[in-house]
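Enquirer: Mind having a look at this structure? Questions to follow.
The values are calculated or read from the model by the stated rules, or taken from the named source; none is laboratory data. Because the structure is a prediction, the values reported are computed rather than measured. Cβ atoms come from the backbone with ideal geometry, glycine included; neighbour counts cover every protein chain shown.
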Amino acid sequence: MSSPTPARYGQPLTQPEITILRYVANGLSNAAIGRATFISEDTVKSHLQRAFRKLGATNRAHAVGLAALAGHVTRSDIRPDLERAS
């Protein structure tokens, strides 16, 4: 089986990458995102790394900001009821 195509700057984000970025916008750690989405912490990291490359982001805050500018993260995505503990 072949490997997935590497993520490149400018490619569209996938729905899982957008979902992860919305959790990051809420301040959740990778471990908390994994628990909330029922995926491993390594899978969360993988989605984030791909999103960083596609957005040209250098860190989590930069990625959320760029995703917000692109309309992927909105004010209504910020939820005070989410678990933020690591």
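Enquirer: Any residue in segment 70-83 that is farther than 18 Å from Ile33 by Cα sitting within a Cβ distance under 8 Å of a residue that is among the aliphatic types (A, V, I, L, M) and in a loop (DSSP other than H, G, I, E, B)? List the pairs, counting only those 6 or more apart or interchain.
Expert: If the second residue must be among the aliphatic types (A, V, I, L, M) and in a loop (DSSP other than H, G, I, E, B), the pairs left are Ala70/Leu13.
Residue by residue, here is whether (1) surrounded by 12 or more Cβ atoms within 10 Å (Cβ to Cβ); (2) at pLDDT below 95; (3) among the charged types (D, E, K, R); (4) assigned to a helix (DSSP H, G or I) holds:
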position	(1), (2), (3), (4)
Ser2	no, yes, no, no
Ala7	yes, yes, no, no
Asp42	no, no, yes, yes
Arg53	yes, no, yes, yes
Ala63	yes, no, no, yes
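Enquirer: Could you list, in sequence order, the residues of segment 15-35 that are part of a helix (DSSP H, G or I), touching a residue at least 40 places away in the same chain (Cβ under 8 Å) and crowded, with 16+ Cβ neighbours inside 10 Å?
Expert: Hits for segment 15-35 are Ile18, Leu21, Arg22, Tyr23, Val24, Ala25, Ala32.
Enquirer: Right, here's the next one. Keeping to segment 55-86, report how many residues are under 25 Å from Tyr9 (Cα atoms) and touching a Ser or Thr at 6+ places or on another chain (Cβ under 9 Å).
Expert: 1
Enquirer: Shifting gears a bit: Taking the residues in segment 54-77 that are among the β-branched types (Val, Ile, Thr) and under 15 Å from Ile20 (Cβ atoms) as candidates, determine which candidate is nearest to the chain's Cα centre (by Cα).
Expert: Val64
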